Amino acid sequence: MTDTLMVLLGSFLLLMLLGLPVAWSLLTSMLAWVAYGGQWRFLPIAAERIWQGMDVFVLMAIPLFILAGELVNAGKITDRLIHFANVLFGWMRGGLAQVNIGASILFSGITGVALGDIAALGRVFIPAMVKQGYSPAYAAAVTASSSIIGPMVPPSLVAVIYGSMTGLSIGALMAATLIPGLLIGLVQMLLVAVQARRHNFPRVEMDRSPAVAIRATGQALVPLMIPVIILAGLMGGLMTPTEAGAVAAGYAVVVATLVYRSLRLGMLGEVFQRSALFSGQLLIIVGCGAAFSWVMGMENVPRMVAGWIGGWEMSYLGTLLVFNAILLVLGMFIDPTTVIILFGPILSAAAVHAGIDPLHFGVIAILNLNIGLLTPPLGVCLFAAERIAGCGLGTLIKANTPFLLVNLAGLGLIAAVPGFSLWLPAALGF
């Protein structure tokens, strides 16, 4: 490793540990690389690379998907999904915890963001679960753990970023993440079922007559058409991801303002403002990350990584195990978007070199990095859930440990059986 590369990576990690925002840590470490190596001629090129990193048509899908999720939240459409989840899952022992996970699966088909799931559902489910007798830490653990389903069930913002960074078809990647996302939801529900029997958790008492079930299904079908529109458009070749995002946002506006009349036109300005702010924060990270990746290319990092992997001479499963370990460690310290931007192209190319299907590796990477949102020291999903529950981080980590273990078991199963990731894209002709 050269001195200039050590300055680049060392300054980035130091600035991150000091709490500087990701985008500015990336930018400052590039400036340190330029100054240390005397490469001043690269300054104007770096600025151009930042712009080029953001000036990608497919990334226009990101603000549109974010806008659709904000419209759903502001329009109180979440309430109808929760009622539908109660009808589907509330009859089981530990019903409210099961409903929490089920609602996350339904809601993730609209937003595709883990923190969006916690923000929308955590304020509903955590107080409700505590009122039913669950501990605040357990309620927060269920909410935090189920939130990582969001980036797996399409539409997924992380999948859009991963596809744009690695050149994979975003439609194929979203098809590949669907079954693994549902599988993670299933293993979490199985854990809750075991815990519910052991601790005698209550069921959700409500009228589940056919008339109520039909009414709840009808109310939920309208918002659930958002992921259907996106998936049908992408997988049918009718729309690009950007066009699918625009259609989803337009549909959400119509549903919230005209169908349910739960969102006044005067509120749209605030919704657009929140969406623009979140999108800007995300896209500046993408731009700075693209420039940082270019600098790592100048330092021959991709060739170095490929050389290391070529010298391992490990089996297919052994290589997968090593890659998973690398991603888990990275995810513990850096958020998924940043890891994908910085290391996604390098690790994806290395995985292909090792004989791993790029779609399969994409699914593993997305799930693996989102599990990192449940592990200290980063653990932003833990922090977000704890802020709502007020249970103390140490208590929450203890309550979340069984969920972390079953999520890792699900990851291991998905990594070992490529069919979970590759069957649906193949069936759809990708």
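Overview of results
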quantity: Of Val352, Met174, Ala389, farthest towards positive along the dipole that unit charges on Lys, Arg, Asp, Glu beta carbons give the chain; calculated: Ala389
quantity: Dipole moment magnitude, nearest 20 debye, the stretch 170-281 about Cα centre, only Lys, Arg, Asp, Glu C-beta charged; calculated: 360
quantity: Dipole in debye (nearest 20) - the chain, about Cα centre, beta carbon charges: Lys, Arg +1; Asp, Glu -1; calculated: 1160
quantity: Protection proxy ranking, peptides 268-281, 222-235, average beta carbon neighbours within 10 Å, highest first; calculated: 222-235, 268-281
quantity: For the stretch 1-98, size of Cβ-based charge dipole, Lys and Arg +1, Asp and Glu -1, in debye; calculated: 280
quantity: Protection-proxy order for peptides 323-329, 43-49, each taking the mean of Cβ atoms within 10 Å per residue, highest first; calculated: 323-329, 43-49
quantity: Helix-only mean residue ellipticity at 222 nm for the chain, each DSSP H run of n ≥ 4 adding -39500 (n - 2.57), per residue, nearest 500; calculated: -25000 deg cm²/dmol
quantity: Unit charges at the beta carbon, dipole of the chain: most positive-side option, Phe57, Leu106, Pro154; calculated: Leu106
quantity: Signed unit charges on C-beta, dipole axis of the stretch 221-350, positive-most listed residue Met298, Val322, Leu231; calculated: Leu231
quantity: Cα gyration tensor, the stretch 15-67 - rounded (a/c under 1.5), prolate or oblate; calculated: oblate
quantity: Burial ranking of peptide ranges 354-360, 261-267, 97-103 (average Cβ count within 10 Å, highest at the top); calculated: 97-103, 354-360, 261-267
quantity: In order through the stretch 341-354: 3J(HN,Hα) via Karplus (6.51 cos²θ - 1.76 cosθ + 1.60), integer Hz, x for Gly, Pro; calculated: 5, 7, 10, x, x, 5, 5, 5, 5, 5, 5, 4, 4, 8
quantity: Rg(Cα) / (2.2 N^0.38 Å) computed for the stretch 302-430, rounded to two decimals; calculated: 1.16
quantity: Kirkwood hydrodynamic radius over Cα pairs of the stretch 1-90, then Stokes diffusion coefficient at 20 °C and 1.002 mPa s, in µm²/s; calculated: 127
quantity: Descending semi-axes in Å of the stretch 127-181, equivalent ellipsoid built from Cα gyration tensor; calculated: 33, 10, 7
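Here, each number is a calculation from the coordinates, and none is a lab measurement. The model shown is predicted, which means the values in this text are computed figures rather than measured ones. Backbone-built Cβ (ideal geometry, glycine too); neighbour counts: all protein chains shown.
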